[in-house]
Amino acid sequence: GKGNYRHFMEKELHEHPAVLGDTLRQYLDPGTLEVRLPRLPFDPAKVPRLTLTACGSAFLAAHVGRYWIEKLARIPCDADVASELRYRDPPLPEGGAAILVSQSGETADTMAALKLLKEGGQKVLSIVNVPESTMARSSDAALLTVAGPEVGVASTKAFTAQLAVLACLAVGFGRARKQISQVDEGRLTQALLSVPSFAAEILDRDAEIRALAAEVAKARDVLFLGRGSLFPIALEGALKLKEISYIHAEGYAAGEMKHGPIALIDSAVPVIALCPSGPLFEKTCSNLQEAAARGGRVMAFTDAQGAPALRRFAEHVIELPTVGAFSAPILHAIPVQLLAYHVAVLKGTDVDQPRNLAKSVTVE
Ligand code: M6R
């Protein structure tokens, strides 16, 4: 049941800290600060290329996975939605492997991609939430997210759990390829082990996010911006908002705004930015300033170090804990999902069962 929560989605949002802890404990050792992966169907030290594919939010997790794996392990990655990968007839390398991501393990397009990848000689590793699903059974190996049943059509805790598994894989692959040292591994696993408590801290900002939602609920169009591994999270924010509140939203790479979407900006369009401090901050901040200069209403998620610069021109600045670049995508997913939830509640939509959507899409 929903317990004391109004919706399954609200309950599932509040399960983020527990689910992240449970999932991370499967794949890393808090004692030795090492990643602990089960036997994989391919050797990460030798694999020439990885194909990551999935649908919807699961694809956005795969998209973040690509940023992490390329950065930490230097394995060339291809990430595409399953419904496109299938028809693209991609050249698949000999000895290559694929990572599929799915909450249900029953999504028809992802299953069709699995078949194509296997026929193309790729070893298939899937990240799934339902152990007995078709995808888990048809893959060469399955890594489970320990998210428990997800009832709300909008994926929440399953999404961050997918990110947690992908983060562990990226670190494990980085070690296998000698791209990162044992000290780096310790630092990265430590960052991941702090994720559950940061997630709880972010959920405590509920009232602040609800206030932001009251502004966003009045909009007809919303733009989400992020750079680097936060770009897929901007897409996740836009997807969640569309899906449950029916407000039109777009996610964009922050640097792409000036190549088109900036034409949309006026004082009616909230521009929601994922902009933590770090090497990408300056560039993103100046993109946002351009939006503000055109009357755009900038609403930014940042941290203590980023807040002062953003407060100079942003309408709302939400200060999240300082988490570091590696775990930032996991922790920024939570406030954007929470924002979509509150907007939907204010709009009075059917949060758990949005129109035209099914929890598991079993048609191609
Ligand atoms: O069960 P799956 O993870 O394979 O589902 C994939 C998508 O249908 C799913 O993530 C969908 O985009 C969600 N409703 C998004 O919140």
Can you find a residue that is at positive phi and not aromatic (Phe, Trp, Tyr) anywhere in the stretch 332-354? yes
Among residues belonging to the stretch 212-234 that are among the basic types (Lys, Arg) and more than 16 Å from the chain's Cα centre (by Cα), point out the one that is nearest to the ligand (Cβ to nearest atom). Arg220
If Gly56 passes every condition in (1) open to solvent by 60 Å² or more (accessible area, probe 1.4 Å); (2) touching a residue at least 12 places away in the same chain (Cβ under 8 Å); (3) within 16 Å of the ligand (Cβ to nearest atom); (4) of a type outside the set (S, T, N, Q) but one, which one does it miss? (1)
In the stretch 251-260, anything more than 16 Å from the ligand (Cβ to nearest atom), open to solvent by 10 Å² or more (accessible area, probe 1.4 Å) and not aromatic (Phe, Trp, Tyr) is listed as Ala253, Gly255, Glu256, Lys258, His259, Gly260
Kindly evaluate Val19 against the criterion of being within 16 Å of the ligand (Cβ to nearest atom), at pLDDT 95 or above and under 30 Å from Arg187 (Cβ atoms). yes
Does Asp43 satisfy being more than 12 Å from the ligand (Cβ to nearest atom) and either within 23 Å of the chain's Cα centre (by Cα) or more than 30 Å from Pro335 (Cβ to Cβ) (or both)? yes
Taking Lys178 as meeting all but one of (1) in a helix (DSSP H, G or I); (2) open to solvent by 20 Å² or more (accessible area, probe 1.4 Å), write down the number of the exception. (1)
Only one of Val19, Val47 is buried (at least 16 other Cβ atoms within 10 Å of the Cβ) and touching a Ser or Thr at 6+ places or on another chain (Cβ under 8 Å); which? Val19
Out of the residues in the stretch 235-248 meeting the condition of being without any contact (Cβ under 8 Å) to a residue 60 or more places away in the chain and within 16 Å of the ligand (Cβ to nearest atom), tell me which one is nearest to Arg66 (Cα to Cα). Ala238
Options Ser197, Ser229; residue that is modelled with pLDDT of 95 or more, assigned to a helix (DSSP H, G or I), more than 19 Å from His342 (Cα to Cα) and open to solvent by less than 40 Å² (accessible area, probe 1.4 Å): Ser229
Sort out which residues of the stretch 59-79 are over 10 Å from the mean Cα position of the chain (by Cα) and either open to solvent by 30 Å² or more (accessible area, probe 1.4 Å) or within 14 Å of the ligand (Cβ to nearest atom) (or both), and write them in order of number. Arg66, Tyr67, Glu70, Lys71, Arg74, Pro76, Asp78
For Thr189, indicate whether it is within 13 Å of the ligand (Cβ to nearest atom), open to solvent by less than 50 Å² (accessible area, probe 1.4 Å) and touching a residue at least 12 places away in the same chain (Cβ under 8 Å). no
Please list, ordered by first then second residue, the pairs with beta carbon atoms under 9 Å, 6 or more apart or interchain, first in the stretch 286-299 and open to solvent by 30 Å² or more (accessible area, probe 1.4 Å), second part of a helix (DSSP H, G or I). Glu290/Met257; Glu290/Lys258; Glu290/Ile262; Arg294/Ile262; Arg297/Glu215; Arg297/Ala291
So which residues in the stretch 83-100 are within 25 Å of the chain's Cα centre (by Cα) and hydrophobic (A, V, I, L, M, F, W, C)? Leu85, Ala97, Ala98, Ile99, Leu100
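The values are calculated or read from the model by the stated rules, or taken from the named source; none is laboratory data. Please read these numbers as outputs of a predicted model, since none were measured by experiment. Cβ: placed from backbone, ideal geometry, glycine included. Neighbour counts: every protein chain shown. When the accessible area is computed, the model is the full protein with side chains, heavy atoms only, and any ligands, DNA or RNA have been set aside. Shrake-Rupley method; radii C 1.70, N 1.55, O 1.52, S 1.80 Å.
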